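The values are calculated or read from the model by the stated rules, or taken from the named source; none is laboratory data. Since this is a predicted model, take the numbers as computed values, not measurements. All Cβ positions, even for glycine, are placed from backbone atoms using ideal geometry, and neighbour counts span all protein chains on display.
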Amino acid sequence: MANTTVRGATAIHGQNPQFLVETVIRNRIYESLYWKERCFALTAATLIDRAIEMNAIGGVYGNNVPTEFICLLLKLLQIQPEKEILIEYLQADEFKYLRALAAMYIRMTFQAAEVYEILEPLLKDYRKLRLRDVGGYSLTYMDEFVDQLLHEERSLTLALSFWVALCLAQSLTLSF
């Protein structure tokens, strides 16, 4: 029950929103202690508290252990907050990791025109972000992270492009 998408959720790009996170990573998240202890029964309002506690962005680290950031991203995909709530997340200047989380969610779920319209103003945010990945911690900046979201197919071990994510989910290869 805790790993299901909310009842009445709309399909994103024609599929269950949780399927935007690759199966292997999604299963690691479901098995993680952080997911079981800290993400259970989160709502759009209580998720803010968890996002404020974060101290880094990232996908997986070490032996494919999911970061808090990617766990909360999957929770956002589960609960599908309204667009207005996500805009409020982005406008919370004092919480840079909440802003980064909302930006990632928007990039994965919104239509292209909306993504650029909403995320381009964040290119003027030059604050430092800690990035946790397989190699450990490093520094990046909010504007670099947003630029990566706008221009790359993958970010933080996740496929951002709908077609890439769909092919990974169905174990197909792209042929153009």
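Quick look at the numbers
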read-out	value
Breaking point among (1) part of a helix (DSSP H, G or I); (2) at pLDDT 90 or above; (3) surrounded by 13 or more Cβ atoms within 10 Å (Cβ to Cβ), for Val164	(2)
Residue, nearest to Leu156 (Cα to Cα), within region 86-139, restricted to residues that are among the β-branched types (Val, Ile, Thr) and either over 15 Å from the mean Cα position of the chain (by Cα) or surrounded by fewer than 18 Cβ atoms within 10 Å (Cβ to Cβ) (or both)	Val134
Subset of region 47-78 that is polar (S, T, N, Q) and surrounded by fewer than 22 Cβ atoms within 10 Å (Cβ to Cβ) - its residue that is nearest to Thr109 (Cα to Cα)	Gln78
Matching residues, region 40-69, being of a type in the set (A, V, I, L, M, F, W, C), under 24 Å from Gly136 (Cβ atoms) and either in a helix (DSSP H, G or I) or under 15 Å from the mean Cα position of the chain (by Cα) (or both)	Ala51, Ile52, Met54, Ala56, Ile57, Val60, Phe69
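Residue-by-condition table, conditions (1) assigned to a helix (DSSP H, G or I); (2) not charged (D, E, K, R):
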| position | (1), (2) |
| --- | --- |
| Glu114 | yes, no |
| Leu119 | yes, yes |
| Tyr126 | no, yes |
| Arg130 | no, no |
| Tyr137 | no, yes |
| Thr140 | no, yes |
| Asp147 | yes, no |
